[in-house]
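Laboratory data are not the source of any read-out in this text; all were calculated from the coordinates shown. In this text, all values refer to a predicted model and were calculated from it rather than measured experimentally. Here the Cβ positions follow ideal geometry from the backbone for every residue, glycine too, while neighbour counts run over all protein chains shown.
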């Protein structure tokens with residue numbers, strides 16, 4: 001399920017890049033399941049943005065559930081450890097990384 005969501009996220013990203021190259025007033029054909037829909041570039045961008053956001057939220061929820069199940073299994077088998085702790089790490093946003101780097105002494109940035 002995670003793989004199919006990630007493939008959908010990737011295809012949405014590719015479609016968004018293709019839509020960005022089109023002229024603003026142009027009409028495009030989009031597919032939504034088994035239905036073809038004709039819409040403007042702006043409507044298509046908004047549709048892709050909403051779908052991408054929904055896929056990202058579903059991926060995050062599914063990964064979170066997977067981690068909860070993994071932790072429960074590790075607890076049942078008594079195999080906790082560093083890999084369980086490490087699986088709970090989350091990536092940092094660019095602003096957070098820049099904030100951390102901005103607070104480091106000049107010497108440690110090299």
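The table below gives the values:
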{"item": "Tilt relative to the chain, helix 41-77 - C-alpha long axis, 0 to 90 degrees, to 10", "result": "20"}
{"item": "Tail beyond 19 Å, pair distance distribution of the chain (Cα, percent)", "result": "65"}
{"item": "Fewest-first ranking of 59, 101, using other Cβ atoms within 10 Å as the exposure measure", "result": "101, 59"}
{"item": "Likely footprinting exposure, 31, 40, fewest C-beta neighbours within 10 Å first", "result": "31, 40"}
{"item": "Acute angle (nearest 10 degrees) that the helix 2-20 long axis makes with the longest principal axis of the chain, alpha-carbon atoms", "result": "40"}
{"item": "Pair residue 99, residue 4: separation of 7 Å Cα→Cβ label points (nm)", "result": "3.8"}
{"item": "Residues 6, 34 arranged by fewest to most Cβ contacts within 10 Å", "result": "34, 6"}
{"item": "Mean ellipticity per residue at 222 nm, deg cm²/dmol - from DSSP H runs of n ≥ 4 across the chain, formula -39500 (n - 2.57)", "result": "-21500 deg cm²/dmol"}
{"item": "Mean Cβ count within 10 Å, highest first, over the residues of peptides 50-58, 91-99", "result": "50-58, 91-99"}
